[in-house]
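The values are calculated or read from the model by the stated rules, or taken from the named source; none is laboratory data. The structure displayed is predicted, hence computed values, not measured ones. As a convention, Cβ positions derive from the backbone with ideal geometry for all residues, glycine included, and neighbour counts pool all protein chains shown.
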Amino acid sequence: MCLKGKSGAQWELYNRFAPRMYTVSYRYAKNEADAKDILQEAFIHVFNKLEKYNASGSLEGWIRRITVNCAIRHYERSVRKIDSGDIDHTQPKDVREDVLSAMTVNEIMAVINQLPDGYRVVFNMYAIEGYSHKEISDALGISESSSRSQLTRARKMIIELLHSIENRTMAC
């Protein structure tokens with residue numbers, strides 16, 4: 001029914017997948033407004049390209065891929081190039097596990113959202129979505145070494161942010 005443009009069927013599809021795709025969008029966005037823009041753009045693409053879905057994989061996976069691609073395009077429109085500096089080889093200290101286990105999903109998302117745009121996009125694509133550095137470099141138009149560098153820096157920054165949270169909780 002969605003293929004025939006039936007609004008009721010489209011609304012049903014949207015209601016079924018929008019909450020999960022909003023979570024994907026939010027991981028890439030700077031804020032809620034950007035996440036909503038990404039989500040809207042993604043579902044416009046879903047409805048416009050629904051006839052191209054061949055059911056060889058899951059519908060949710062297909063929609064997720066479109067959502068990630070929309071997030072990447074959104075990012076590219078806001079920032080043209082990711083810093084392509086050298087890889088930072090310093091090894092940050094480990095964060096105590098009890099700090100991580102005491103954090104809520106929203107608190108972890110708040111830490112990830114503090115990352116600079118380039119770090120956040122590469123971190124999400126690699127660590128959460130499972131893209132390879134080759135796929136990230138192709139999608140973002142950067143070198144594989146730049147992708148690796150951004151991921152290393154993102155991880156280091158996340159650990160530093162978690163250390164600051166750990167230090168605040170220990171001081172209380």
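Worth pointing out:
- Total residues in segment 142-172 satisfying the condition of being assigned to a loop (DSSP other than H, G, I, E, B) and modelled with pLDDT of 90 or more: the figure is 2.
- Considered as a group, the residues in segment 132-141 that are in a helix (DSSP H, G or I) and free of Cβ contacts under 8 Å to residues at least 24 places away in the same chain include one that is surrounded by the most Cβ atoms within 10 Å (Cβ to Cβ), and that residue is ILE136.
- Candidates in segment 53-69 are the residues that are in a helix (DSSP H, G or I) and in contact with a Phe, Trp or Tyr (Cβ under 9 Å, 6 or more places away or on another chain); of these, the one that is farthest from ALA35 (Cα to Cα) is LEU59.
- Qualifying residue in segment 81-90 (condition: hydroxyl-bearing (Ser, Thr, Tyr) and modelled with pLDDT of 75 or more): no
- Residue list for segment 91-128, restricted to those being buried (at least 18 other Cβ atoms within 10 Å of the Cβ) and either at pLDDT 90 or above or acidic (Asp, Glu) (or both): LEU115, GLY118, TYR119, ARG120, VAL121, VAL122, PHE123, ASN124, MET125, TYR126
- Segment 38-54 - residue that is surrounded by fewer than 16 Cβ atoms within 10 Å (Cβ to Cβ) and more than 17 Å from SER7 (Cα to Cα) and, of those, modelled with the lowest pLDDT: ASN54
- Yes/no for SER137 being within 24 Å of GLY61 (Cβ to Cβ) and out of contact with any helix residue (DSSP H, G or I) (no Cβ under 6 Å at 6 or more places or on another chain): no
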